[in-house]
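Peer 1: Take a look at this one; I'll ask things after.
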Amino acid sequence: MIETFPNAFSLEGEHVLVTGGATGLGFAMARCFVAAGARVLIVGRREDMLAEACRELGENAEWMQFDITRLDEIPGFAQKVTREFGNIDVLVNNAGRHCKKPMEQVEPADLQAVLDVHVKGAYELTRNFLPGMRERKHGTILFISSMSAYLAMTQVTAYAAAKSAVLGIVKGLSGEVAADGVRVNAIAPGFIDTPMFHQAVDKDIPRQQKILGHTPMACYGDPMDVGWAAVYLASPAARFLTGVCLPVDGGCSIGF
């Protein structure tokens, strides 16, 4: 018989790390995790933005400055997190970097910069927190994918390549660690009202019209929509979910 959880969506007592947690989707997810009872550590490159975000998040949030593309420093950073913040129960690989150019203008350095954040940095961070989760038989790892991994979106081939690679990591890793009590899932946000989204579309009216025409709900999402989806995937309510990618997209992925 399945156990009944009186607070199935509660994250009370959980320690959550969110990369790119000072702005956009990362900040929204941090807000929702705090509201669900978790202690949250937000990580990013800019100390001023991290400090301001923590003031807004309240006493259950802390921050550390770190650039996840510094791969050689990740093991030491993971040790510092465990020592000063505690064991990580939920790791959210959210930090991102966009690249909007026609493919023939995407130089190798552009592609590398995107992969360094979305794939290599997230992979190495996961690799360093994973042993503790497996040892404790408890943990959730979330990756943030994108509609560009599903749809033929123009001028974002580098970004789409990275976000598609994320789905491969989720599939492979979820099967590898499921027996150890660790779940691995992803979220594919649709077109969400964030600074990164506006950077990509504000000067491209035809693109905005195409997006809304392809989204059955005919509107952009709110960052909190992604935040609550992250809470669900990290909570006991999703205890039997692993290896999946949840679109939070207003129906965009099935839009006609």
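Peer 1: Using only Cα atoms, tell me the angle between helix 205-214 and the longest principal axis of the chain; keep it within 0 to 90° and round to the nearest 10.
Peer 2: Once rounded, one gets 60 degrees.
Peer 1: Rounding to the nearest 10 and keeping the result within 0 to 90°, find how far the Cα-based axis of helix 47-57 lies from the longest principal axis of the chain.
Peer 2: The answer is roughly 70 degrees.
Peer 1: Could you grab the relative contact order for the stretch 68-159? Cα pairs under 8 Å, six or more apart, rounded to a whole percent. Before the final figure, lay out each step's value.
Peer 2: Numbers: 92 pairs, mean separation 42.5, N = 92.
Worked out over the stretch 68-159, it gives 46 percent.
Peer 1: May I pose another question? I'd like to compare 157-168, 86-97: which one has the highest average count of other Cβ atoms within 10 Å, and what's the full order after that?
Peer 2: On the way: 157-168: 20.7, 86-97: 22.8.
Most protected by this proxy first, the peptides run 86-97, 157-168.
Peer 1: In terms of modelled amide H atoms, which long-range or inter-chain residues lie less than 5 Å from the amide H of residue 62?
Peer 2: Those qualifying (amide H under 5 Å, at least 5 residues apart or on another chain) are 40, 41, 42.
Peer 1: Leaving out ligands and nucleic acids, note down the accessible area per residue over the chain with a 1.4 angstrom probe, in whole Å².
Peer 2: 49
Peer 1: Turning to a different aspect of this structure: When the Cα centres of the stretch 232-256 and the stretch 207-231 are compared, how far apart do they sit, in Å?
Peer 2: When both Cα centres are located, 14 Å separates them.
Peer 1: May I ask for the angle, rounded to the nearest 10°, between helix 74-84 and the longest principal axis of the chain, with both axes built from Cα atoms and the value confined to 0 to 90°?
Peer 2: In the chain, helix 74-84 runs at an angle near 50 degrees to the longest axis.
Peer 1: Same structure again: Okay, helix-only estimate at 222 nm for the chain: each DSSP H run of n ≥ 4 adds -39500 (n - 2.57), divide by all residues, round to 500 deg cm²/dmol; what do you get?
Peer 2: Helix-only estimate at 222 nm: -13000 deg cm²/dmol.
Peer 1: Rounded to the nearest percent, how much of the accessible area of the chain (1.4 Å probe, protein heavy atoms only) is carbon and sulfur?
Peer 2: Answer for the chain is 55 percent, counting heavy atoms of protein chains only.
Peer 1: Related question: What does the accessible area of residue 10 come to, in Å² to the nearest 10, when a probe of 1.4 Å is used?
Peer 2: Residue 10 exposes around 40 Å² with every protein chain in place.
Peer 1: Okay, moving on. With contacts defined as alpha carbon pairs under 8 Å and 6 or more residues apart, what's the relative contact order of the stretch 1-83 in percent? List each step's numbers first, then the result.
Peer 2: On the way: 114 pairs, mean separation 20.1, N = 83.
Worked out over the stretch 1-83, it gives 24 percent.
Peer 1: Let me ask you something else. For the stretch 134-207, go through all pairs of different Cα atoms, get the mean of 1/r, take its inverse, and jot down that Kirkwood value in Å.
Peer 2: After inverting the pairwise mean of 1/r, the radius is 14.0 Å.
Peer 1: Contact order normalised by length for the chain, with contacts defined as Cα pairs under 8 Å and 6 or more residues apart; what percent is it?
Peer 2: RCO, the chain: 21 percent.
Peer 1: Sticking with this one: Given points 7 Å out from each Cα along the Cα-Cβ axis, report the residue 127 to residue 105 separation in nanometres with one decimal.
Peer 2: Reported label-point gap for residue 127 and residue 105 is 3.4 nm.
Peer 1: Stretch residue 51-residue 224 to full length: gain in nm at 0.36 nm per residue minus the Cα-Cα span?
Peer 2: Additional length available on full extension: 60.2 nm.
The values are calculated or read from the model by the stated rules, or taken from the named source; none is laboratory data. From a predicted model like this one, the values you see are computed outputs, not experimental measurements. A quick note on method: Cβ atoms are made from the backbone with ideal geometry, for glycine too, and the neighbour counts reach across all protein chains shown. Accessible surface areas use protein heavy atoms only, side chains included; no ligands, DNA or RNA. Shrake-Rupley method; radii C 1.70, N 1.55, O 1.52, S 1.80 Å.
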